[in-house]
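Below: the structure, in structure tokens.
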Amino acid sequence: AQSVTQLDSQVPVFEEAPVELRCNYSSSVSVYLFWYVQYPNQGLQLLLKYLSGSTLVKGINGFEAEFNKSQTSFHLRKPSVHISDTAEYFCAVRRSNFGNEKLTFGTGTRLTIIP
Amino acid sequence: DTEVTQTPKHLVMGMTNKKSLKCEQHMGHRAMYWYKQKAKKPPELMFVYSYEKLSINESVPSRFSPECPNSSLLNLHLHALQPEDSALYLCASSQGRNEQFFGPGTRLTVL
């Protein structure tokens, strides 16, 4: 089975400062990794994904993440945050060799931007 | 069209009511999912349909009954729910090994 750990439940950051949201995973098989964002009272929107290839993945809204297989991590970064980035962020994992697989989510990180 | 739509947006029902949640996608995806999300928690998988057949049921109580009438539609029939079933119900779809696309959800309140 797969598992995802997001150690930081809340991260407050000043506007225009950089941010890193941490995600570690555990799996005995190869996986695909995802970051989703959820704004209040909305569904989940995909920020970025790692399937294969380059370990540095760029996503929407200026976010990027780096896949580190040795450390089993997939941390999300943004060099300069905006008020509009205030939201809940979920890291998720699924097995890579199967189609239509379930996603396993971390517990989420609430990012709050301080003006 | 890269959208998953869900109706209704909000639903309030009593414990003896029968209601249905609807989900639709026109992206040609052959897998569709129902998730339940409680406040300040991650989504929890309930059901997966693959090619209109139920492929995963995560031990969900029988008061939740999914249905996939065709490749674009997914329903969740609700009957005799409990107040603890109040949550945001999310639908998603995917194709093959690609990411899941989520709908905006239905906010369900059981009185």
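Where a number appears in this text, it was derived from the coordinates with a stated rule and is not lab data. Given the structure is predicted, the values throughout are model-derived calculations rather than measurements. Here Cβ is always computed from backbone atoms with ideal geometry, including for glycine, and neighbour counts include all displayed protein chains.
List of remarks:
- Where only C-alpha atoms are counted, convex hull volume of the stretch A:4-97 per residue in Å³: 99 Å³
- Mean per-residue shielding of peptide A:9-22 is 0, counting Cβ atoms of other chains within 10 Å of each Cβ.
- Label positions at A:ILE60 and B:HIS10, each projected 7 Å from the Cα along the C-beta direction, are separated by 2.6 nm.
- Inter-label distance for A:LEU51 and B:MET27, nm, one decimal - labels placed 7 Å from Cα along Cα-to-Cβ: 1.2 nm
- Cα extents of chain B along the three principal axes, largest first (Å): 38, 25, 21
- Counting Lys and Arg as +1 and Asp and Glu as -1 over every other residue whose Cβ lies under 13 Å from the Cβ of A:LEU47, the net charge comes to 0.
- 23 Å Cα-Cα reach of B:LYS22 towards lysines, excluding residues that sit fewer than 8 places from it in its own chain: A:LYS102, B:LYS9, B:LYS36, B:LYS38, B:LYS41, B:LYS53
- Ordered by the count of other Cβ atoms within 10 Å of each Cβ, fewest first, B:ASP85, A:ASP8 give A:ASP8, B:ASP85.
- Expressed as a fraction of 2.2 N^0.38 Å, the C-alpha radius of gyration for the stretch A:45-91 is 1.18.
- Nearby aspartates and glutamates by direct alpha-carbon distance to B:LYS19 (threshold 16 angstrom, same-chain neighbours under 8 apart not counted): B:GLU67, B:ASP85
- The Rg/Rh ratio for the protein assembly as shown, using Cα coordinates for both the radius of gyration and the Kirkwood hydrodynamic radius, is 0.97.
- Extension gain (nm, one decimal) between B:ASN70 and B:ASN17, 0.36 nm per residue minus Cα-Cα: 16.5 nm
- For B:MET15, distant residues with modelled amide H under 5 Å away: B:LEU111
- The mean sequence separation of alpha-carbon pairs under 8 Å and at least six residues apart, normalised by the residue count of chain B, gives a relative contact order of 37 percent.
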